[in-house]
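A short reminder: the numbers here are calculations on the coordinates, not readings from a lab. Since the model is a prediction, treat every value here as computed from it, not as a measurement. Here the Cβ is made from the backbone with ideal geometry for all residues, glycine too, and neighbour counts use every protein chain on show.
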Amino acid sequence: MPDRASPRISSRKQPQQARSAGLVATILEAAVQVLAKEGAARFTTARVAEKAGVSVGSLYQYFPNKAAILFRLQSDEWRQTADMLRAILEDRARPPLVRLRALVHAFLKSECEEAAMRGALADAAPLYRDAPEAKEARGSADDVVATFMREALPNATDAVRAMAGDLIKTTVSQVGKDYSETPRTDTEIAVYADAMADMFCAYLRSLDQG
């Protein structure tokens with residue numbers, strides 16, 4: 001049986017002028033509002049165009065379908081997360097485990113602040129998650145984590161570093177998603193992040209001594 005074709009999720013064209021860039025920004029802002037209000041199941045290009053105050057034809061100049069809009073929102077979120085991760089983990093003025101603790105705090109706080117939007121994007125993921133662009137975007141921070149692990153675990157093997165990096169990424173992501181489903185205070189988030197960071201730091205210390 002042939003594989004099902006991946007959805008087209010790339011933008012039709014990139015805005016070249018300020019006016020076009022402004023139109024795309026308006027469409028994306030409208031998409032955020034529609035997604036937050038209607039959820040993934042009722043998200044349509046017609047609703048986005050209406051909210052943005054543009055014609056559906058104008059929207060289709062840049063986004064071929066609703067999957068492309070949702071992927072753009074998701075990829076922007078992934079890029080922001082990768083930029084945050086990179087800024088923290090590449091700050092070599094601080095020891096590796098201090099950076100790791102800062103990352104856990106920043107990520108968990110971000111997850112809780114943007115829980116509603118991230119939940120809606122997760123619901124929409126089946127529309128674009130199998131596309132090559134999505135797989136590439138999800139792995140955009142892998143090199144940063146690998147570099148950090150070499151610094152944090154100088155005495156470990158490459159296999160151990162890879163395992164540790166994957167375990168930390170997976171745990172932070174899944175725990176952050178589950179934890180953010182309930183409203184939390186800043187104090188609660190800080191206490192929880194400290195506990196998770198303590199666990200990761202102890203784990204890395206044990207690996208580096210092994």
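With a ≥ b ≥ c the root eigenvalues of the C-alpha gyration tensor of the range 137-186, is it rounded (a/c under 1.5), prolate (a/b larger than b/c) or oblate?
In terms of gyration-tensor shape, prolate.
Once every Cα of the range 71-210 carries one equal point scatterer and solvent is ignored, give the base-10 log of I(q)/I(0) from the Debye formula at q = 0.10 Å⁻¹, two decimals.
-0.35
For the range 177-192, in order, what is each residue's ³J(HN,Hα) by Karplus, 6.51 cos²θ - 1.76 cosθ + 1.60 with θ = phi - 60°, in whole Hz (x at glycine and Pro)?
4, 5, 5, 6, 5, 10, x, 10, 7, 4, 5, 4, 5, 5, 5, 5
Take the Cα of Glu114, step 7 Å along the line toward its Cβ, and report every residue of the range 161-181 whose backbone nitrogen sits under 20 Å from that point.
Only 169-181 pass the distance filter.
Taking a threshold of 27 Å on the Cα-Cα distance, which of the pairs Lys37/Lys177; Lys66/Lys169; Lys66/Lys177 fall above it?
Lys66/Lys169
Between Ala122 and Glu188, take the C-beta separation as r, use R0 = 35 Å, and let me know the FRET efficiency to the nearest 0.05.
0.95
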